[in-house]
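Student: Before I ask anything, let me first share the structure, which is written out below as structure tokens.
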There are 2 protein chains.
Amino acid sequence: MRDETLWWEGESLFLIDQTVLPARYEVVECTDVERLARAIRRLEVRGAPALGVAGAYGMALAARTSRETSLPAFLAEIQEQAGLLKKTRPTAVNLSWGIERVTTRIAAAGSVEDAQEVALEEAHRIAREDEETCLAIGAVGAALLPDPCTVLTHCNAGALACTRWGTALGVVRSAVAEGKEVQVIACETRPLLQGARLTAWELIRDGIPVTVIPDSAAASLMRRREIDLVLVGADRITVDALFNKIGTYAHAVTARYHDIPFYTAAPLSTFDPLRKEWEVTIEERGGEELRTCGDWQLVPDQAGVRNPAFDATPLPLVTGIITERGVLFPPLDMSRILSP
Amino acid sequence: MRDETLWWEGESLFLIDQTVLPARYEVVECTDVERLARAIRRLEVRGAPALGVAGAYGMALAARTSRETSLPAFLAEIQEQAGLLKKTRPTAVNLSWGIERVTTRIAAAGSVEDAQEVALEEAHRIAREDEETCLAIGAVGAALLPDPCTVLTHCNAGALACTRWGTALGVVRSAVAEGKEVQVIACETRPLLQGARLTAWELIRDGIPVTVIPDSAAASLMRRREIDLVLVGADRITVDALFNKIGTYAHAVTARYHDIPFYTAAPLSTFDPLRKEWEVTIEERGGEELRTCGDWQLVPDQAGVRNPAFDATPLPLVTGIITERGVLFPPLDMSRILSP
């Protein structure tokens, strides 16, 4: 087993298949953009930072598998493949960000061969930066955690959502590395159970104590003062709202009601400082994720189902945003975030 | 298919097996207390009012299957069986209430034969009263529903939680019967999915529009003003708190935050006006309900799991309690509730 969630080897991108964990550890090999697009749609790879890295490697795949020899035709194909990849998931901003960073480098290249080389170089750089960023987020965030403490988290903002280490769980890892005693309450995160399956799996692997609860039990644990702080990841942060896995907003409201700090941990690449909440599309996923579980029918056929993948939490409900450059406290001065 | 959730026929209690809905409609026959206790523990029958009726019929079963011929030995056996049945589920107060109403009648009987007769009579009376009570709750509550309106509910407080008609869903049924346009948003209710499986099934059966959502999506629908009011059942109402399915408290807090009315509908038999919240045991159910779904492993073996079946909502968060005698507004004057 490797520490990385996704990595390049030979001429392929490899990723841990997150749909079969924790029952099985399997690796998916993507040799072209189409296979990667399927992996993203099926959530074999997910998590905002990991999607940024996957998008970047996707463009390296696009460049290196292209059969075009003339630069204009090659660049047109790259643009088409970039469009295809961006459409796989609309809410996390990092996917587009990673794709664009590589396509910008490709567009500036003098030849197809040059483009194929710089594309992979840039993707490797983004992956390396992601690791460094997570370690920096961890160091910044660890200082906020009391010792000992119990952290409530939702979905998976861990190593499996990044190249390694993680954002929200990176903060937990860094605090534990500093010698703090931290235990995690992981909301199972319906309907796809990334909390139960992925957060629990990766924390157990690192020997960090973790307890899984139904999403709906979080508020009553807060009332019983069993949670010291809430710590989640982010799929996109606009000037006014945090977009994250459905259920995040409820935790933010109930944390505020109980005077419990509510933090999100995210790289600056997750910020979308020129957009407002209403401009962002919230992905509505297929009803079958709620209707069935394996062979078990849960919802009668004639009943309706709604399955939004994300929700928006107004930033005034967020105590602080833990980034690689420090903690930002709303209201945000986005000019500071945009500056290099 | 019958309208009743449970009924007496011959010398047996029959119940709809709620563990296999909506995939299959099956009926369980209980010929003795032991089989009924298993049905209650396995949640083949559940819901506070239905448990009251089941407990009552359980004591009729105990009386009618007894082989004791001397009255003292017979009464000792009845007490033993009552204890066994009460222990099956600790949180819903109606179960004990139904058991006690019948055992009190048995204790006053002049002979074993007489006891066997009055026990069944009293159980039938409780079942009849439950139907009448639900219809009365429905009439009282229907007046509170705007027309048209969207009601958020949690778990199942419907016909399947009672003899028929239901408490919270009885209010919806009565409003629809009065010609109001009501649609229901049903929280799926992890881990056992009574909302997805049972609430959706029984509303579809009655032609009332219903949409199932993950529990964690309720707050963001409230924020988007898509919910007009929250309406849930109750497993027990003490002088200071509403006990209901885990997740109820989160809905109460988020409803208050969004200024959305939060009602519970419950018969007076659900009140426990001499106890306070801290005196009530919250049932902690087996971890396997969260760890697996069919053959699918959701939580890694080494991770902890917590699975409280209920939570407590302080009454100040409850807008009103819809009972068969009218709506009660907290703070409660329990002396009024205790008076006949």
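Student: Could you tell me whether segment A:295-315 includes any residue that is under 24 Å from A:Asn156 (Cβ atoms), touching a residue at least 24 places away in the same chain (Cβ under 8 Å) and among the aromatic types (Phe, Trp, Tyr)?
Tutor: Checking segment A:295-315: at least one residue is under 24 Å from A:Asn156 (Cβ atoms), touching a residue at least 24 places away in the same chain (Cβ under 8 Å) and among the aromatic types (Phe, Trp, Tyr).
Student: To continue, here is another question. Would you call A:Glu77 assigned to a loop (DSSP other than H, G, I, E, B) and either without any contact (Cβ under 8 Å) to a residue 60 or more places away in the chain or open to solvent by 20 Å² or more (accessible area, probe 1.4 Å) (or both)?
Tutor: No, not satisfied.
Table: residues versus (1) open to solvent by less than 20 Å² (accessible area, probe 1.4 Å); (2) in contact with a strand residue (DSSP E or B) (Cβ under 8 Å, 6 or more places away or on another chain); (3) within 28 Å of A:Glu77 (Cβ to Cβ); (4) part of a loop (DSSP other than H, G, I, E, B).
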| position | (1), (2), (3), (4) |
| --- | --- |
| A:Trp8 | no, yes, yes, no |
| A:Phe14 | no, yes, yes, no |
| A:Glu29 | no, yes, yes, no |
| A:Leu43 | yes, no, yes, yes |
| A:Gly52 | yes, no, yes, no |
| A:Ala56 | yes, no, yes, no |
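Student: For segment B:189-307, list the helices (runs of 4 or more DSSP H) that sit wholly inside it and hold at least 2 residues that are more than 7 Å from chain A (Cβ to nearest Cβ) and in contact with a strand residue (DSSP E or B) (Cβ under 8 Å, 6 or more places away or on another chain); which are they?
Tutor: By residue number, B:218-223, B:248-257.
Student: Also, quick follow-up: Only one of A:Arg223, A:Arg197 is among the charged types (D, E, K, R), at pLDDT 95 or above, in the same structural domain as A:Gly320 (by TED's automatic domain parsing) and surrounded by fewer than 22 Cβ atoms within 10 Å (Cβ to Cβ). Can you tell me which? Outline the logic, then answer.
Tutor: Numbers: A:Arg197 fails: surrounded by fewer than 22 Cβ atoms within 10 Å (Cβ to Cβ).
After ruling out the rest, the residue left standing is A:Arg223.
Student: From B:Glu277, B:Glu289, B:Glu283, which residue is over 17 Å from B:Ala217 (Cα atoms), free of Cβ contacts under 8 Å to residues at least 40 places away in the same chain and open to solvent by 10 Å² or more (accessible area, probe 1.4 Å)?
Tutor: After ruling out the rest, the residue left standing is B:Glu277.
Student: Please go through segment A:250-266 and give me each residue that is closer than 28 Å to A:Leu135 by Cα and either buried (at least 24 other Cβ atoms within 10 Å of the Cβ) or among the hydrophobic types (A, V, I, L, M, F, W, C) (or both), ordered by number.
Tutor: A:His251, A:Ala252, A:Ala255, A:Ile260, A:Phe262, A:Thr264, A:Ala265, A:Ala266
Student: Right, another one. If you go through segment B:159-188, how many residues are touching a strand residue (DSSP E or B) at 6+ places or on another chain (Cβ under 8 Å), buried (at least 24 other Cβ atoms within 10 Å of the Cβ) and in a helix (DSSP H, G or I)?
Tutor: Total satisfying the criteria: 7.
Student: Taking segment B:209-238, which residues are under 22 Å from B:Pro191 (Cα atoms), touching a Gly at 6+ places or on another chain (Cβ under 9 Å) and not β-branched (Val, Ile, Thr)?
Tutor: B:Pro214, B:Asp215, B:Ser216, B:Ala217, B:Ala218, B:Ala219, B:Ser220, B:Leu231, B:Gly233, B:Asp235
Student: Which residue pairs have Cβ atoms under 8 Å apart, sit 6 or more places apart or on different chains, and have a first residue in segment A:243-267 that is under 11 Å from A:Arg223 (Cα atoms) and a second that is at pLDDT below 95 and of a type in the set (D, E, K, R)?
Tutor: Note: no pairs meet the criteria.
Student: Right, something else. Quick test of your reading of the structure: A:Met222 fulfils all but one of (1) under 27 Å from A:Met1 (Cα atoms); (2) touching a residue at least 60 places away in the same chain (Cβ under 8 Å). Name the failing condition by number.
Tutor: Here A:Met222 meets the rest and fails (1).
Student: Also, I was wondering about something else. Could you pull out the residue among B:Val171, B:Val140, B:Val184, B:Val112 that is touching a residue at least 40 places away in the same chain (Cβ under 8 Å) and within 25 Å of B:Glu44 (Cα to Cα)?
Tutor: Working: B:Val140 fails: within 25 Å of B:Glu44 (Cα to Cα); B:Val184 fails: touching a residue at least 40 places away in the same chain (Cβ under 8 Å); B:Val112 fails: within 25 Å of B:Glu44 (Cα to Cα).
Only one candidate passes the filter, namely B:Val171.
Student: Just name the residue that is farthest from the other protein chains (Cβ to nearest Cβ) out of those in segment B:308-329 that are assigned to a strand (DSSP E or B) and among the small types (Gly, Ala, Ser).
Tutor: By that ranking, first place goes to B:Gly326.
Student: Let me ask you something else. How many of the residues making up segment B:239-272 are modelled with pLDDT under 95 and of a type in the set (Val, Ile, Thr)?
Tutor: Residues meeting the conditions: 2.
Student: Within segment B:82-122, can you find the residues that are more than 25 Å from B:Glu324 (Cβ to Cβ), assigned to a helix (DSSP H, G or I) and open to solvent by 20 Å² or more (accessible area, probe 1.4 Å)?
Tutor: B:Gly83, B:Leu84, B:Ala107, B:Glu113, B:Asp114, B:Gln116, B:Glu117, listed by residue number.
Student: Please count how many residues of segment B:123-139 are crowded, with 22+ Cβ neighbours inside 10 Å and of a type in the set (Asp, Glu).
Tutor: Residues flagged as crowded, with 22+ Cβ neighbours inside 10 Å and of a type in the set (Asp, Glu) within segment B:123-139 amount to 1.
Student: So which of B:Ala56, B:Ala39, B:Ala48 ends up being touching a Pro at 6+ places or on another chain (Cβ under 9 Å) and in the same structural domain as B:Ala82 (by TED's automatic domain parsing)? Write out each step before concluding.
Tutor: Values: B:Ala56 fails: touching a Pro at 6+ places or on another chain (Cβ under 9 Å); B:Ala39 fails: touching a Pro at 6+ places or on another chain (Cβ under 9 Å).
B:Ala48 is the lone residue from the list that is touching a Pro at 6+ places or on another chain (Cβ under 9 Å) and in the same structural domain as B:Ala82 (by TED's automatic domain parsing).
The values are calculated or read from the model by the stated rules, or taken from the named source; none is laboratory data. This one's a predicted model, so the numbers in the text were calculated from it and none came from an experiment. Using ideal geometry, Cβ is built from the backbone for each residue, glycine included, and neighbour counts are taken over all protein chains shown. Remember, those area values only see protein heavy atoms, side chains included, never the ligands or the DNA or RNA. Shrake-Rupley method; radii C 1.70, N 1.55, O 1.52, S 1.80 Å.
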